[in-house]
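Contents: one structure, followed by commentary.
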Amino acid sequence: MPRYDYRCRACGSTFELSRPMSESSAPAPCPQGHDDTVKLLSTVAVTGTARGGAPAPPAGGGGGCCGGGCCS
């Protein structure tokens, strides 16, 4: 189930809730009991490595501006 971040306008606290996507925009009272909250935009970061690692870049650069050494 997705997690959503919310901020309370009354007390300024930030909190998160797990809820279905269909309820992501529904009102979410803060843990302090205030009702004036807004859903925050969140970013998703996917990190990790591929199994076996990524291939090594070619020796001597090449490809792309900075790979070709044209950046100063």
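The values are calculated or read from the model by the stated rules, or taken from the named source; none is laboratory data. What you see is a predicted model, and the numbers here were worked out from it, not measured in a lab. Cβ placement follows ideal geometry from the backbone for every residue including glycine, while neighbour counts extend to all protein chains displayed. Accessible surface areas use protein heavy atoms only, side chains included; no ligands, DNA or RNA. Shrake-Rupley method; radii C 1.70, N 1.55, O 1.52, S 1.80 Å.
Of the residues making up region 6-20, those that are in contact with a strand residue (DSSP E or B) (Cβ under 9 Å, 6 or more places away or on another chain) and open to solvent by 50 Å² or more (accessible area, probe 1.4 Å) are R7, R9, A10, T14, E16, L17, S18. Condition check: open to solvent by 100 Å² or more (accessible area, probe 1.4 Å), more than 15 Å from the chain's Cα centre (by Cα) and either modelled with pLDDT of 65 or more or on the phi > 0 side of the Ramachandran plot (or both). Does S72 satisfy that? No; evaluated as a whole, the condition is false for this residue.
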